[in-house]
1. Pull out the extension gain between Lys150 and Gln73, defined as 0.36 nm times the separation in residues minus the alpha carbon to alpha carbon distance; nm, one decimal.
2. May I ask you to sort Ser136, Ser179 by Cβ crowding, counting other Cβ atoms within 10 Å and putting the fewest first?
3. Whole-Hz ³J(HN,Hα) for each residue in region 55-64, computed from phi via Karplus 6.51 cos²θ - 1.76 cosθ + 1.60 with θ = phi - 60°, x for glycine and proline: what do you get?
4. What GluC sites (Glu not before Pro) does region 163-208 have in DSSP loop regions with at most 10 other beta carbons within 10 Å?
5. Note down the magnitude of the dipole of region 47-181 about its Cα centre, charges +1 on Lys and Arg C-beta and -1 on Asp and Glu C-beta and zero elsewhere, to the nearest 20 debye.
6. Pick out, in residue order, every one of the trypsin sites (Lys or Arg not before Pro) in region 96-159 that is DSSP loop and has at most 15 other C-beta atoms within 10 Å; say none if there are none.
7. In whole Hz and in residue order, list the ³J(HN,Hα) couplings for region 81-96 that follow from phi through the Karplus curve 6.51 cos²θ - 1.76 cosθ + 1.60, θ = phi - 60°; x for Gly and Pro.
8. Order of Lys167, Lys85, Lys60 from fewest to most other C-beta atoms within 10 Å?
Amino acid sequence: MARYREAVCRLCRREGIELYLKGDRCFTDKCAIKRRGYPPGQHGQRRPKHSDYGGQLREKQKAKRIYGLLERQFRNYFEKADKMKGKTGDNLLILLERRLDNVVYKLGFAQTRRESRQLVRHGHFLVGGRKVNIPSFLVSSGDVVELREKSRKIPTLNESLEAVVRKGIPPWLELDRESYRGSIKTLPARADIREPIQEQLIVELYSK
């Protein structure tokens, strides 16, 4: 499947906020936003033009880049959210939060979602005692996500767990650091999602 393989710091600069796509680097003075707080490219320092459509597009692009999805994947999530009961925007963000790669990242097993996606694909995690290597797998309330026994000595993984205190664990998740296990206490509510996304703008964009 196609993936964005260029410099991810360009994405943060394009959206004008820190998307935390480079892990610890984003918390240092080397962060691209702190060094060059304007969009990339030869026209990056020009005064931007604002429009309703432009704002909606930027919000959609921001959400895609935060969760590391392609356009078709993101559109599929929107269509699924639109068929669910409740607000489409809230449903969309909740579906994205329930992805296994996002849960692994939020539990602190990886410093970035890209890294967590790779760990999942390589079969390092169990869900309910069964190996799951599909990053888009949607967890449910009561599920237990556990690192496989033979994977517990990976140095980078242990370093990520040690730094999880700074990032914090969402209230809908619970981490047992000693047993390398996380549980989904309940499905996330909109108030639990901290990502700086204005989901209503995305709904307006796709509803045209």
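Here, each number is a calculation from the coordinates, and none is a lab measurement. Since we're looking at a predicted model, the values are computed, not measured. Glycine also receives a Cβ, built like all others from the backbone with ideal geometry; neighbour counts cover every protein chain displayed.
1. 24.5 nm
2. Going from sparsest to densest Cβ surroundings: Ser179, Ser136.
3. x, 5, 5, 4, 5, 5, 4, 4, 4, 4
4. Here the sparse-neighbourhood loop sites are Glu178.
5. 540 debye
6. The qualifying sites are Arg148, Arg152, Lys153.
7. 3J(HN,Hα) across region 81-96, in whole Hz: 5, 5, 8, 7, 6, x, 6, 4, x, 5, 4, 4, 5, 5, 4, 5.
8. Ordered by Cβ neighbours within 10 Å, fewest first: Lys85, Lys167, Lys60.
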